[in-house]
1. In µm²/s, what is D for the stretch 105-260 at 4 °C and 1.567 mPa s, where D = kT/(6 pi eta Rh) by Stokes-Einstein and Rh is the Kirkwood radius from Cα pairs?
2. Counting other C-beta atoms within 10 Å, and keeping those with at most 15, which DSSP coil chymotrypsin sites (Phe, Trp or Tyr not before Pro) do you find in the stretch 1-57?
3. Rounded to two decimal places and with Rh computed the Kirkwood way over Cα pairs, what is Rg over Rh for the stretch 1-145?
4. Keeping every protein chain in place, order Arg253, Arg38 by accessible area at 1.4 Å, biggest value first, i.e. largest first.
5. If the only charges are +1 at each Lys and Arg Cβ and -1 at each Asp and Glu Cβ, what is the size of the charge dipole of the stretch 204-250 around the Cα centre, to the nearest 20 debye?
6. What is the sum of charges around Ala185, taking Lys and Arg as +1, Asp and Glu as -1, for the other residues whose C-beta is under 11 Å from the C-beta of Ala185?
7. Could you work out which residue, out of Leu132, Leu163, Leu222, moves most in a Gaussian network model of the chain, that is, has the largest mean-square fluctuation with Cα springs under 10 Å?
8. Taking one equal scatterer on every alpha-carbon of the stretch 177-260, how large is log10 of I(q)/I(0) by Debye at q = 0.23, 0.24 1/Å?
Amino acid sequence: MSYETIQYQLADGVATITLNRPDVHNAMNEQMRQELTRCFGELSASDDARVIVVTGAGERAFSAGADIREFVAPQVPTRFRESRRRVDFRAVMDRCPQPLIAAIRGYAFGGGLELALACDIRIAGEDARLGLTEIDLAIIPGGGGTQRLPRLVGRGRALEMILSGARIDAREALRIGLVERVVPAADVLAAALALAKTLAAKAPVALRYAKEALVKGLELPLADGLRFEHDLATLLRTTEDRVEGAKAFLEKRKPRFTGK
Ligand code: COA
């Protein structure tokens, strides 16, 4: 995979995607959206990548959101809508069975925060500033922000953030449940990679089913979700890795999971 606006790396089952336009605080232009669509699309079908980490190049920003310079060109509504739909990389992220971890240093605004919202777990540095700032540009979040933020932090807090365009700090983000963890700024990527490595060592199919049970289940009525969980749990009882996990415990050694 070769890209210009992002960097991609795969090591020990952990794929790392780095938004790489540090001169503009990793703002997302059309090319970056297309490259992210391609990258997440390929990852969604990959068995080699067990966990995905997303981060921003440089020390100052995860991403300052959509590249505002593109906003100045006049838009034909239908063409704009179609081109956005074709490269809706966050919808492609939703199809990734792997856990997605956002490592957020510095600014995460607009589409940048929406990218983090499309991840499963968010680790922020003490220097992080987060906001859905679109309202200040006379637009609204269009990358899932109005839907994913209230599901994470609740209706009132999401409305307050989206209507005001407030830029909140890491402590506040942690308090309202917008991020899962806050660490010293310099440690953000290391913390995300350490968690990713821990997850990548789990039995691959169990890891995917655990995410699927939870994420898909949240969209279902409780009884259907419980049934779905039961079906996935039953399926996992048929794997070789389940026997290996039990044997390793009894033999007091580390398991060697194969994904079978
Ligand atoms: N799109 C395009 N360029 C952007 C950008 C964006 N979203 N965010 C920052 N940049 C550019 C700046 O124009 C500047 O370019 P220049 O060096 O050619 O002047 C460069 O990145 C550095 O940004 P600057 O504003 O000088 O840095 P700062 O540290 O003072 O402020 C931010 C950083 C992120 C607080 C500020 O740039 C900002 O508020 N950006 C807009 C964020 C936003 O509203 N995003 C949502 C878009 S829908």
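1. Working: Rh = 17.9 Å.
It diffuses with D of about 72 µm²/s by this estimate.
2. Details: sites: Tyr3, Tyr8, Phe40; in loops: Tyr3.
Hits after loop and neighbour filter: nothing returned.
3. On the way: Rg = 14.4 Å, Rh = 15.2 Å.
Looking at the stretch 1-145, the ratio lands at 0.95.
4. On the way: Arg253 70, Arg38 105 Å².
Result, largest first: Arg38, Arg253.
5. On the way: 7 positive and 8 negative charges, 20 e Å.
Magnitude of the dipole: close to 100 debye.
6. On the way: positive: Arg60, Arg105; negative: Glu59, Glu126, Asp127, Asp187.
After counting each charged neighbour, the total is -2.
7. Sorting by GNM fluctuation, first place goes to Leu222.
8. Once normalised to I(0) and log-transformed, intensities are -1.05, -1.08.
The values are calculated or read from the model by the stated rules, or taken from the named source; none is laboratory data. Keep in mind that this is a model prediction, so the values were computed, not measured. Virtual Cβ from ideal backbone geometry, glycine too; neighbours counted across all protein chains shown. The area values use the complete protein model at the heavy-atom level, side chains included, leaving out ligands, DNA and RNA. Shrake-Rupley method; radii C 1.70, N 1.55, O 1.52, S 1.80 Å.
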